[in-house]
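Asks: I have a structure I would like to understand better, so I am pasting it below and will then ask my questions one at a time.
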Amino acid sequence: QQQVKQSPQSLIVQKGGISIINCAYENTAFDYFPWYQQFPGKGPALLIAIRPDVSEKKEGRFTISFNKSAKQFSLHIMDSQPGDSATYFCAASRGSGGSNYKLTFGKGTLLTVNP
Amino acid sequence: EPEVTQTPSHQVTQMGQEVILRCVPISNHLYFYWYRQILGQKVEFLVSFYNNEISEKSEIFDDQFSVERPDGSNFTLKIRSTKLEDSAMYFCASSTGGGGGSTDTQYFGPGTRLTVL
């Protein structure tokens, strides 16, 4: 019940295209859904995050779409650039109560944006 | 911009040896975490630490693992007797708060690659 399932495992898009990565979760107690970006040799870095009280959040070229009833959320990268080539992880945690909650990560998606 | 730092970047050890992985969290952060990532797999939670005690630990974090905040800046992960399957990238993370709100972002260090021979 703690799993976060992520797809696809890898994705190749052309420069300027739209990259879409999907995640699904099981635990209805999750209420914080961040996406992390990881470049080779670096630690994961927060890209964008959403809470389930909104269905969409946009920051620049990055948008999270959230479907609470389906327990699914996705990352859309508009106008994908070669510099976006990285591994993307979705994650989930329980965010309320003031206690420190672990992040449960998906398996990651290796995005390659061809010039 | 403040960042989490980790040392060493790569540690090679023999099976059965003890290793200590070191982390310097961001200075005003209060919550500390260790995660690991076996090559090609997802990032997995190991342990969280707040107010000088473990808040939560995963089933991976058995008696061979321990964490400590020996002073006001360092946060360490000790593996007492390493096994081959402990080979992984170990990430330290820290956050201001402990929940999932916008102020509670977990910032990750660059990781320590542990290789157990």
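The values are calculated or read from the model by the stated rules, or taken from the named source; none is laboratory data. Here the structure is a predicted model, which is why all the values come from computation and not from measurement. Note that each Cβ is placed from the backbone with ideal geometry, even for glycine, and that neighbours are counted across all protein chains shown.
Asks: Specify the residue that is farthest from the other protein chains (Cβ to nearest Cβ); the eligible residues are those in segment B:7-19 that are within 17 Å of the chain's Cα centre (by Cα) and under 11 Å from B:L114 (Cβ atoms).
Replies: Pass one, segment B:7-19, residues within 17 Å of the chain's Cα centre (by Cα): B:7-12, B:18-19.
Cutting the leftovers down to under 11 Å from B:L114 (Cβ atoms) gives us B:8-12, B:19.
On the way: B:P8: 14, B:S9: 9, B:H10: 11, B:Q11: 15, B:V12: 17, B:V19: 19 Å.
Here the residue is B:V19.
Asks: While we're on this one: Residues A:R94, A:R51: which one is touching a residue at least 40 places away in the same chain (Cβ under 8 Å), charged (D, E, K, R) and under 19 Å from B:A93 (Cβ atoms)?
Replies: A:R94
Asks: Still on this model: If B:I26 meets every condition in (1) part of a loop (DSSP other than H, G, I, E, B); (2) facing chain A (nearest Cβ under 9 Å) apart from one, which number is that one?
Replies: B:I26 satisfies all of (1) part of a loop (DSSP other than H, G, I, E, B); (2) facing chain A (nearest Cβ under 9 Å) except (2).
Asks: Are any residues in segment A:68-80 exposed (fewer than 13 other Cβ atoms within 10 Å of the Cβ) and polar (S, T, N, Q), and if so, which ones?
Replies: The answer is A:S69, and nothing else.
Asks: Further, regarding this structure: Please determine, by comparing only the residues of segment A:24-53 that are more than 7 Å from chain B (Cβ to nearest Cβ) and aromatic (F, W, Y), which one is farthest from B:K42 (Cα to Cα).
Replies: Selected residue: A:F30.
Asks: Is it true that B:I60 is in a loop (DSSP other than H, G, I, E, B), of a type in the set (V, I, T), within 13 Å of another protein chain (Cβ to nearest Cβ) and touching a residue at least 60 places away in the same chain (Cβ under 8 Å)?
Replies: no
Asks: Could you tell me whether A:I21 is at pLDDT below 95, within 14 Å of another protein chain (Cβ to nearest Cβ) and within 10 Å of the chain's Cα centre (by Cα)?
Replies: no
Asks: Would you point out the residue of segment B:76-98, among those that are within 13 Å of chain A (Cβ to nearest Cβ) and touching a Lys or Arg at 6+ places or on another chain (Cβ under 8 Å), that is surrounded by the fewest Cβ atoms within 10 Å (Cβ to Cβ)?
Replies: The extreme case among them is B:M89.
Asks: Give me the residue from segment A:54-72 that is in a loop (DSSP other than H, G, I, E, B) and small (G, A, S) and, out of that set, farthest from A:N22 (Cα to Cα).
Replies: Our first condition is that a residue be in a loop (DSSP other than H, G, I, E, B); within segment A:54-72, this holds for A:54-55, A:60-61, A:68-71.
Next, from what is left, pick out any that are small (G, A, S): A:55, A:60, A:69-70.
On the way: A:S55: 14, A:G60: 19, A:S69: 15, A:A70: 12 Å.
Filtering first and then ranking leaves A:G60.
Asks: Quick check on B:Q11: is it modelled with pLDDT under 95 and under 21 Å from A:K42 (Cα atoms)?
Replies: Here the answer is no, as B:Q11 does not meet what is asked.
Asks: Okay, next question. Could you check segment B:20-56 and list, in sequence order, the residues that are in contact (Cβ under 8 Å) with a residue 60 or more places away in the chain, surrounded by 13 or more Cβ atoms within 10 Å (Cβ to Cβ) and more than 14 Å from the chain's Cα centre (by Cα)?
Replies: B:H29, B:L30, listed by residue number.
Asks: Being more than 9 Å from chain A (Cβ to nearest Cβ), under 25 Å from A:G108 (Cβ atoms) and under 12 Å from the mean Cα position of the chain (by Cα) is the requirement here; does B:R69 meet it?
Replies: no
Asks: Could you list, in sequence order, the residues of segment A:34-48 that are in a strand (DSSP E or B) and either surrounded by fewer than 17 Cβ atoms within 10 Å (Cβ to Cβ) or touching a residue at least 60 places away in the same chain (Cβ under 8 Å) (or both)?
Replies: Within segment A:34-48, A:P34, A:Y36, A:Q38, A:A45, A:L46 meet the criteria.
Every residue, every condition in (1) of a type outside the set (G, A, S); (2) closer than 30 Å to B:T5 by Cα; (3) within 11 Å of another protein chain (Cβ to nearest Cβ); (4) in contact with a strand residue (DSSP E or B) (Cβ under 8 Å, 6 or more places away or on another chain), yes or no:
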| residue | (1), (2), (3), (4) |
| --- | --- |
| A:S55 | no, no, no, yes |
| A:E59 | yes, yes, no, yes |
| A:Q81 | yes, yes, no, yes |
| A:K107 | yes, yes, yes, yes |
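Asks: Out of all the residues in segment B:64-77, is one or more of a type in the set (V, I, T) and in contact (Cβ under 8 Å) with a residue 40 or more places away in the chain?
Replies: Restricting attention to segment B:64-77, the residues satisfying the condition of being of a type in the set (V, I, T) are B:67, B:76.
Then keep just the ones that are in contact (Cβ under 8 Å) with a residue 40 or more places away in the chain; that gives B:76.
Scanning segment B:64-77, I find at least one residue that is of a type in the set (V, I, T) and in contact (Cβ under 8 Å) with a residue 40 or more places away in the chain, so the answer is yes.
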